[in-house]
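Just below is one structure, and these are the notes that go with it.
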Amino acid sequence: MNTLCATHFTAEDRAALVDTVRRFATQAIAPHVDAWDEAGAFPRELHLQAAALGLLGLGYPEHLGGTPATWRARNAMSQTLARHGGSGGVMASLFTHNIGLPPVLAHGSPELQAEVIPPVLRGERIAALGITEPGGGSDVAALRTTARLADDGSHCVIDGEKVFITSGMRCDWITLAVRTDPANQGAGGIGMIVVPCDLPGISRSPLRKMGWLCSDTAHLRFDAVRVPVRYLLGAEGAGFRMVMANFNGERLALAAMALGFAEACQDEALAWARQRQTFGAPLIERQVIRHRLMDMRMRIASTQAWLDALADRADAGDGGADWVAQVCLLKNHATQTMQFCADAAVQTLGGMGYMRGTVSERLYREVKVMTIGGGAEEIMKELAARQWNL
Ligand SMILES: Cc1cc2nc3c(=O)[nH]c(=O)nc-3n(C[C@H](O)[C@H](O)[C@H](O)COP(=O)(O)OP(=O)(O)OC[C@H]3O[C@@H](n4cnc5c(N)ncnc54)[C@H](O)[C@@H]3O)c2cc1C
C-alpha cells in the first residue's frame, strides 16, 4: 500500500503544514473558485504555486523532488485544502498526479521515474490516470483498451478509449490500464503503461459535468499509438493488482477530502445560523438548527477518528485485507458524511443555499462524484465483504 514514502513527521511539522495549506487555500483558491467554475478551468499556474509550497511533492522521495510524509500529514493537507478551498474541482485536477504517479513510483524503472516524476512535482507537467472506459469503470478486469507488442518488440501499440479522465485535456503523461494479453480477457491479461500525451494517435475531447466545474475531465481516444516498451510498468499481467493497490491510496485521500468538505459545509451553516434572524431571533437559537449542527458534528467526528486510525495503520505498514476493507467502508462513510452535511447546510441557508456563490451550493453539486469516483458505493461494499470473506 505504501507506495509513497512515509517518514517521521512530527505533530509540529503537521501543524506548520496545515497552517501553510490554510493560507494557500484561503488566499489562492477560495476567492477565485466561482470564476474558475464559470470558466470551466483554473489557471495552469496553480500547479506551479502548489509545487512551490511543496504540496505536490508531499509523500514522494527527496531524490525525485518530493518531501517524504506520513499518511496522517497527507490527509491533513487534503482535509485542510478541502475545508478552506471549498472546491473538489480544484483538488481533483491539481492532484491527479497522486493517482497517476504512484504506479510509476512503485513499478517504473529508475530512469522512467526520473523522467516523469520530478517535472510533475515541480508543477511543470501534469500526470493523470486512465482506467475507466465507455464500456464500464467498476469492472476493471473487463477493460478493452489494448497494448499489443509491435513485431520488432520495441513498442507497444495502443488502441482504445478512456472516459471521465481527470486532467484528461491537459495531462502530459497518462498512466493507462491496458490489456497487454488479448488472449486473456480476465484480470490476468492487464498491464499498465505510461503514455506521453504528445504522441500521434491520441485525441481528446472535454466533458461537461454536474459539479467539479473547473476540473478538466475528458474522453481520450488512442488510435494505433506507438509507445516505447520502456514505458511499461511492472511485470507482465500484474496490472490489475497495481490498479487495485493504487485505489487504496486514492480512497483514503477521497475520504480526507470529503471530511474537509463536510467541515466547510458545517462552517458555512454555523456562520449563517449565527447571523440570520427569523421571527425575532437568530437561527442558532432554534433547537432544530442546533441539533442539525450537532448531527453534522457527530458524523464529522466519527469520520475523523476512523480516517486517523486507518492513516496510522498505513503509516505502520498495514495494507492487509482488514485494512483494505475498512478503507472501502471509510470512503463510503466519509462521502455520506459530506452528503449529509451538504444537504443540512443548504437547508440551513434556505434560498441562499441554492444560490451560486455559496460553498454549500457548490459542494451539494459535488457530492455525487465523491460517492461514484474512485469506486462507487456499491462496489466498495462488495470489495469490503470479499476482503472479510463474507
Ligand atoms: C468527474 C469524474 C472524474 C473521474 N476521473 C477519473 C479518472 O481520472 N480516471 C479514471 O480512470 N476514472 C475516472 N472516473 C471514473 C470513475 O472512477 C467511474 O465513474 C466509477 O468507477 C464508476 O464506473 P462507471 O461510471 O463506469 O459506472 P458502472 O461501472 O457502469 O456502474 C454504474 C452503477 O452501477 C453500480 N454497479 C456496478 N456493478 C455493480 C454490481 N455488480 N452490483 C451492484 N451495483 C453495481 C455502480 O456502483 C454504479 O453505481 C471519473 C468519474 C467522474 C464522474
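Assorted remarks:
- Pairs of Cα atoms farther than 23 Å apart, segment 193-294, %: 61 percent
- DSSP assigns beta bridges within segment 64-203; of those with both partners inside it, close to 70 percent run antiparallel.
- Neighbour counting of Cβ atoms within 10 Å sorts the residues 366, 45, 133, fewest neighbours leading, into 45, 133, 366.
- Across 209/381; 162/381; 209/368, pairs whose alpha-carbon gap is larger than 21 Å: 209/381; 162/381
- If R0 equals 41 Å, the separation of the Cβ atoms of residue 142 and residue 316 corresponds to a calculated FRET efficiency of about 0.70.
- For the chain, built as a Gaussian network whose Cα springs stay under 10 Å, the top-fluctuating residue of 151, 198, 318: 151
- Highest-fluctuation residue, 176, 143, 293 considered, GNM on the chain with Cα pairs under 10 Å: 293
- Candidates 298, 192, 380, ranked by Gaussian network fluctuation over the chain, Cα under 10 Å, top entry: 298
- Cα gyration tensor, segment 11-121 - rounded (a/c under 1.5), prolate or oblate: oblate
- Only helices enter this figure: runs of n ≥ 4 DSSP H residues, each worth -39500 (n - 2.57), summed and divided by the residues of the chain, yield -16000 deg cm²/dmol at 222 nm to the nearest 500.
- Pairs of Cα atoms in segment 127-237 fall into 5 Å distance bins, from 0 up to the last occupied one, in shares of 2, 13, 24, 26, 18, 10, 4, 2, 0, 0 percent.
- Inter-centroid distance (Cα atoms) of segment 184-200 relative to segment 225-259, Å: 11 Å
- Relative intensity of the chain on a log10 scale, I(q)/I(0) at q = 0.06 Å⁻¹, equals -0.23, per a Debye sum over C-alpha point scatterers of equal strength in the absence of solvent.
- Cβ crowding within 10 Å, taken as a proxy for footprinting-reagent exposure, orders 181, 19 from fewest neighbours to most as 19, 181.
None of the figures in this text is laboratory data; all of them are computed from the coordinates on show. Quick caveat: nothing in here was measured; it's all calculated off a predicted structure. In this analysis, Cβ positions are derived from the backbone assuming ideal geometry, glycine residues included, and neighbour counts consider all displayed protein chains.
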